[in-house]
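Here is the structure we will look at.
Where a number appears in this text, it was derived from the coordinates with a stated rule and is not lab data. No experiment lies behind these values; they were computed from the predicted model shown. All Cβ positions, even for glycine, are placed from backbone atoms using ideal geometry, and neighbour counts span all protein chains on display.
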Amino acid sequence: MRITEVEPILLRGTETYHAGAGGAEATDNGDWQLLVRVATDAGLTGWADVETLAPAAVAVIAGAGMSSLGFRTLGELLLGEDPLDTARLWDRLYVGSAYYGRRGLAMQCLSAIDNALWSIKAQAAGMSITRLLGGRRRDRVLAYASTLFRATPEGMEAAAKGYVAQGFRAVKFGWGVFGQDPGRDRELVAAARAALGPDRQLLVDPGWYPAGWTQPGPMRTLRENIALVQWLADHDVGWCEDFIHPERFEDYATVRAESPVPVAAGEQLATRWEFGRFIALGCADILQPDLSRCGGLSEAQRIMALAEDAGVEIVPHSWLTHLLTGHSLQLIAALPRARFVEFNVAQSALTRGIARAPFALDADGMIAIPDTPDGGVTVDEDFVNAHRAA
Ligand SMILES: [Mg+2]
């Protein structure tokens, strides 16, 4: 089998990322979305979504590379290759883009391509990605509703009650207005905690820079971050997430050592090397590699081994279309321990329409993990074609 095409598909929507003042649902990236489609001469096709600067990513995948290795574009590195050789191709893409890649945009594109290759591999093998990763350890996993902070306590209460009514047993609020007014931050968290009641889990993602500001404001100091995790503990918070500058590993280690609540982080990190350093310094209790950023399923498999050796948990970050949720569920089914799947309840019309999936909460607030080569996810190609950017 040979790869015949690596197509970046740039989609345009009409909504913007925002959280409302009231209880109304927030909206994720509604303006642009990038998909990657890898086609083969055997008729098998792999799809993946990627959270990145979508218009620029098109050039990284399908643009013109330069002659020297290290400055090649990803698509040209793959044409004619066997899509089943996922580890070899990961190295080829990494080295081939190393002088402009390694992290950020190029790594995010590499991640999507890797996920698409795993989808092709599952179809070729006639078994789920989980089985290719080492086998299913669970059939379902607890879902947490993942959304943005609302601007008022009343909005938080209404939103939290809405997730309870939908059957969620865990909810995460992130970013939005959090960090702009410390007094209001406490009121927002208290309102969510009260509305969820004692039997449901509340997760908090304060953001590592003040969100919604057109100018980046001052970030919390080390001492302020220690104070933050201490008052969050008063509200029985399940974890505090991604609240420190992502390059400041030592700060993470210091705050985690003092924190009465678990520290979750890693959505900004990529590759086994970065996660390896993060783990070695003792930065987090829960690692959150995002399959569309960290290097894809190939790299997540390596991060999973590092985490297991170190005795830390993994809960993949996944706040995009059902393609990413589906790939994340396949990884989750293979993890030694898995407390959650992150479920994006704030999908825009664009991210919601791209793929269909049977993911639904059961009576315990859990989602069944499909054991099929497609992971239960089907791309709506009519929707995709209708939203292609000119
Ligand atoms: Mg986060």
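Give me the angle, in degrees from 0 to 90, between the Cα long axis of helix 86-96 and the longest principal axis of the Cα atoms of the chain, rounded to the nearest 10.
Computed tilt is about 90 degrees.
Among 71, 278, what is the fewest-to-most ranking by other Cβ atoms within 10 Å?
71, 278
How are the C-alpha pair distances of the range 122-254 spread across 5 Å bins, as whole percents from the shortest bin up?
Bin by bin from 0 Å, the calculated values are 2, 9, 18, 18, 15, 11, 10, 7, 6, 3, 1, 0.
From Cα coordinates alone, what are the radius of gyration and Dmax values for the chain in angstrom?
Rg then Dmax for the chain, in Å: 20.2, 61.
For the residues 138, 150, what sequence is obtained by ranking on other C-beta atoms within 10 Å, fewest first?
Values: 138 15, 150 27.
Fewest-to-most Cβ neighbours within 10 Å comes out as 138, 150.
Angle check, please: helix 271-280 long axis (alpha carbons) against the longest principal axis of the chain (alpha carbons), in degrees 0 to 90, nearest 10.
Around 30 degrees separate the two axes.
Please report the spacing between the Cα centers of the range 105-181 and the range 334-366 in Å, no decimals.
So the two Cα centres are separated by 6 Å.
Comparing 165, 39, 265, which has the greatest mean-square fluctuation in the GNM of the chain with Cα pairs linked when under 10 Å apart?
Result for the chain, Cα springs under 10 Å: 165 fluctuates most.
Write down the percent of antiparallel bridges among all DSSP beta bridges whose residues are both part of the chain, to the nearest 5. If you can, show how the numbers build up before the last one.
On the way: 23 of 46 bridges.
Given both bridge residues lie in the chain, the antiparallel proportion sits at roughly 50 percent.
Ranking 27, 4, 321 by Cβ neighbours within 10 Å, fewest first, what do you get?
By the 10 Å Cβ count, ascending, the order reads 4, 27, 321.
Counting each DSSP H run of 4 or more residues in the chain as -39500 (n - 2.57), what helix-only mean residue ellipticity at 222 nm follows after dividing by all residues, to the nearest 500 deg cm²/dmol? Show your work: numbers first, answer last.
Numbers: 14 runs with 150 residues, N = 390.
Here the helix-only value at 222 nm equals -11500 deg cm²/dmol.
What does the charge count near residue 174 come to, summing +1 for each Lys or Arg and -1 for each Asp or Glu among other residues with Cβ under 10 Å from its Cβ?
The answer is -2.
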